[in-house]
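The values are calculated or read from the model by the stated rules, or taken from the named source; none is laboratory data. Just so you know, these numbers come straight off a predicted model, no measurement behind them. Using ideal geometry, Cβ is built from the backbone for each residue, glycine included, and neighbour counts are taken over all protein chains shown. Protein only, heavy atoms only, side chains kept; ligands, DNA and RNA dropped before computing areas. Shrake-Rupley method; radii C 1.70, N 1.55, O 1.52, S 1.80 Å.
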Amino acid sequence: MKSIISILLIAVSLVIFGVRISKKIQFKQNVSGYLKRAADANTIELANDELTKVIDYLESNNITSGYTSVLWKTPDEDIDFWYKNLKASQNELQNLKSESALEKTNVLIKLRETLLDTGENTRVTVPKGLAVYPNNMLWSILMWIAFLSISSGFIMLAVASDKRAKKKKAEQLLS
């Protein structure tokens, strides 16, 4: 019976982890992937097209304001600032009237600096936890439950296996 319960705990945990991973992949397909492409674009038009896809997705899914944080509000989790920054970048791309290659290059460099965080690893600038927004509290709780469930499940399996091994050893000694 304990083995069945432990397997169920592990299975529930794996489902929660799987859905969370799926949410992250879906977010990359609709937001962060296009932001990376906009940052890598060599023309104003191409960058604008990629950035427009992101902004349309954010607006259609009402991801334009709020915070992704669960416990306290920090600037790196401010969706409103991030969204307004994307809109300002889009506006700059759309309103560039100059034919100067230098000005176009400067705008693209500025866009790249806006969209990417550089350091040891270059990554797209996105508020943490945006992939599960607005359900960040729910996902925090679910991830804790999944972690505790999978840990409990493996411990229960190990204890049950140890008991079986001891019982088998005792039976061998008696026979």
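Within the stretch 88-122, being within 13 Å of ALA38 (Cα to Cα) and open to solvent by 70 Å² or more (accessible area, probe 1.4 Å) holds for ILE109, LYS110, ARG112, GLU113. Scanning the stretch 41-54 for residues being touching a residue at least 12 places away in the same chain (Cβ under 8 Å) and either under 11 Å from the mean Cα position of the chain (by Cα) or surrounded by 15 or more Cβ atoms within 10 Å (Cβ to Cβ) (or both) gives a total of 9. In summary, helices (runs of 4 or more DSSP H) completely within the stretch 77-175 and bearing 1 or more residues that are touching a residue at least 60 places away in the same chain (Cβ under 8 Å) and under 27 Å from VAL19 (Cβ atoms) occur at 136-174. The condition (being surrounded by fewer than 17 Cβ atoms within 10 Å (Cβ to Cβ), modelled with pLDDT of 95 or more and aromatic (Phe, Trp, Tyr)) is satisfied by just one residue among TYR83, TYR57, TYR133, TYR67: TYR57.
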